[in-house]
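Structure record follows, encoded as structure tokens.
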Amino acid sequence: MDRFFLTTAIYYINDKPHLGSISETIAADFVARYQRKLGRDVLFSTGTDEHSQKVEKSALQKNLPVEEYAAQAAASWKSLFDRLRISYSRFIRTTDTDHVRVVQQMFQQLFDQGDIYKGSYEGWYCVKDETFLLETDLVESKCPQCGREVQHVSEANYFFRLSKYQDALLSWYTEHRDFVQPEMRYNELMNVLRGGLRDISVSRSTVKWGIPVPFDPEQTVYVWFDALINYATVAGYGRPEFPERWPADLHLIGKDITRFHGIIWPAMLLALSVELPRHVFAHGFWNFEGEKMSKTLGNVVDPSTLIANLSALIGIDEPLAVDALRYYLSREGTYGMDVDFSTQRMLLRFNTDLANDLGNLLNRTLNMVAKFSPTVPHPLLQPKPVVGQLFAETLARLHADYDGLQFSAGLEKTWALVNVLNKMVEDDKPWALSKNGNLEELGAHLATLLVGLWYLANMIEPCMPTVAERILAAIGRAPVTWSELSWTAPEHLPTDASTVLFPRIQPDQLDTFLAELAGHRAVEPVPEAPAGEPSPSAFISIEDVAKLHLRVATVLEAERVPETDKLVRLFVRTGDDQRTIVAGIGKHYDPADLIGKQIIIVANLQPRKLRGIASQGMLLAASAGDDLTLLTPMATIVDGAEIH
Ligand code: ME8
């Protein structure tokens, strides 16, 4: 059987899953399910990237042994993926023993053949992105990728001869123009290649939480070198099944990690004489209502809360809420480009596409079949060939969309067919056909709806597996591969019209839903204003309060901004984040006295520049006249703790 091996990036476990990260796994699941319907034997991997300096730090902050911290985090990612119905074949953890073995085996082989050599690294390191950076890479002394402060690193470690593979990579890129997609990412990487490659550091002497370098226990393998190898582990590197499973057909990743997948990983494989993956597809980023989604800005959409709220507000069970989210993520935007998450657009899509178009089609079909089919002799249930022709043509065009990962275009075509059937009901007027005893046309009408729904359920299945199952159960048909679909008379007729998919949100409910969903919080009733309090117009709503992200932070550094007596530059830690805040407290505090103190900050304030310094937030202080005092928690609490 034809095989198809696809992978997602593996997720850093110190970040909680957010809408952006899960969108990648959902897209990959879409591809996996589509490929299975082509009759292929699909190997689909996702998982967690568990080693690294930042994981070591997070475990320490949480006072947990790092193994336990990693196991808990990996379990929560996995259970979310199960909830999202991700049909992975392997959830790989980089702490899995087979992976550790493969990493050590590859590292040893590359060392033995001279592709890894001992050297010393002097430069910068971004802990958030786990990336080594040159002085010239920095932007205003910060990481060019995430904008965070970088650490100076000077250590003896091992290097991989990346530069040696520059020419081979250039030839590969020239001969395989579809190796990296979309084309703009290919062009970006081609420019990097033409600009020249330098050898990269692939071990750390100061990080303990990593895979030990097999021949030097003082060193651990650099987290990216370890992580990339996960794809070979999944395919069974070093075992008899590897040649059958490798190369990967598709590495699905985000646009921020193209160099690792498009340059470093292929170079490692070239050095190991292993075939290169067939395609690397780099998707864009999900932004939030116009802004980059980031923990620093406090606008990260939590998928679990979103699903729970969708389900509670709309009155659908959780698997349907998951599908509604899967649909929105797949239907919005052009895959590969950045997309903006908007609660309003999500609800509009829900109402039009799911409740109005699809839900309505299923309901009316089931009702009409229950009502009219007993009067129609079975041989008259012949689906209309013209409509069949249209479905077959659309299906062929759908393959082109899904082969190119154009989910939205494929769904749009599918919904055009939903609407063809809905329009057919309006045009054919089945009640009139029944009343006039026009059984031949009535039979053709009912059969077309049933066969059409069977096609549609299969076409929808890669995107919304639960919806597909429910439609198929309601019409008594099975899921099939693409080639098994046939426009032929239904054998059995459903008699139960009770399946309801998506109820419609009424216009008067929409504003309430929007307000509730915007905060992605648990749904709470809005309390009445107590007597004697200011008039309701002077109150702010709970949604307004929820907009403010107040967090506890520890001051790590503090210094006066040169040439001012008022401004102090603070460098603070809020949980996993570190950031700079410029505050006008210079007349009240000696900066040195602030170091090590916990303060309260507004974490999601729009960053702004003060005296040329980017200030990412504001701190809370109480003031009366000339007096000013900083707010601080009564007892020490973990950095990043939320203030409610
Ligand atoms: O980079 N929108 O892990 P990660 C869309 N461990 N995709 C997003 C996104 C957003 N807002 N934010 C993140 C790592 N992603 C490494 C990968 S692979 C051998 C090692 C995507 O948890 C991101 O582009 O930071 C990446 O593909 C994936 O989520 C995991 O990101």
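Nonpolar atom fraction for segment 141-187, defined as the carbon and sulfur part of the 1.4 Å probe accessible area, stands at 44 percent. Against the main long axis of the alpha-carbon atoms of the chain, helix 385-403 sits at an angle near 10°.
Placing R0 at 56 angstrom, the Cβ-Cβ distance between V500 and E188 gives a FRET efficiency of 0.75 after rounding to 0.05. On a per residue basis, the convex hull of the C-alpha atoms belonging to the chain measures out at 184 Å³.
Taken along its principal axes, the alpha carbon cloud of segment 291-484 reaches lengths of 67, 36, 27 Å, longest axis first. A viscosity of 1.306 mPa s and a temperature of 10 °C, combined with the Kirkwood radius over Cα pairs in Stokes-Einstein, give a translational diffusion coefficient for segment 185-333 of 84 µm²/s. For A156, the residues whose modelled amide H falls within less than 5 Å of its own, excluding neighbours fewer than 5 places apart on the same chain, are Y121.
Close amide-amide hydrogen proximity is noted between Y335 and F407, S408, each under 5 Å apart and 5 or more residues distant or on a separate chain (H modeled in the peptide plane; Pro and chain starts excluded).
Spread over its residues, the convex hull of the C-alpha atoms of segment 542-630 is 103 Å³ per residue. Expressed as a whole percent, the accessible area of segment 394-490 that falls on carbon and sulfur atoms is 53 (1.4 Å probe). As a calculated quantity, the FRET efficiency between L610 and E557 at R0 = 22 Å, using C-beta atoms, amounts to about 0.85. Angle of helix 303-314 to the longest C-alpha principal axis of the chain, folded into 0 to 90 degrees and rounded to 10: 40°. Working note: Karplus 6.51/-1.76/1.60 with θ = phi - 60° gives segment 587-596 the couplings 7, 10, 9, 7, x, 4, 6, 8, 4, x Hz, where Gly and Pro are set to x.
Loop-located trypsin sites (Lys or Arg not before Pro) in segment 142-179 (DSSP state not H, G, I, E or B) with no more than 15 neighbouring Cβ atoms inside 10 Å: R177.
Sparse packing (at most 12 other Cβ atoms within 10 Å of the Cβ) combined with a DSSP loop state is found for none of the GluC sites (Glu not before Pro) in segment 348-450.
Rounded to whole numbers, the Karplus 3J(HN,Hα) couplings from phi for segment 459-468 are 5, 7, 3, x, 8, 10, x, 5, 4, 4 Hz, using 6.51 cos²θ - 1.76 cosθ + 1.60 with θ = phi - 60°, and x at Gly and Pro.
Looking at the chain, the accessible area is 43 square angstrom per residue; that uses a 1.4 Å probe and ignores ligands, DNA and RNA. Amide H contacts of H283: I253, G254, K255, each under 5 Å away and 5 or more positions distant or on a separate chain (H built 1.01 Å from N in the peptide plane; Pro and chain starts excluded). Rounded to the nearest percent, how much of the accessible area of segment 542-630 (1.4 Å probe, protein heavy atoms only) is carbon and sulfur? With neighbouring chains kept in place, the figure for segment 542-630 is 51 percent.
The values are calculated or read from the model by the stated rules, or taken from the named source; none is laboratory data. A quick note: this is a predicted structure, and the numbers were derived from the prediction, not measured. Glycine gets a Cβ as well: all are built from the backbone with ideal geometry, and neighbour counts include every protein chain shown. Remember, those area values only see protein heavy atoms, side chains included, never the ligands or the DNA or RNA. Shrake-Rupley method; radii C 1.70, N 1.55, O 1.52, S 1.80 Å.
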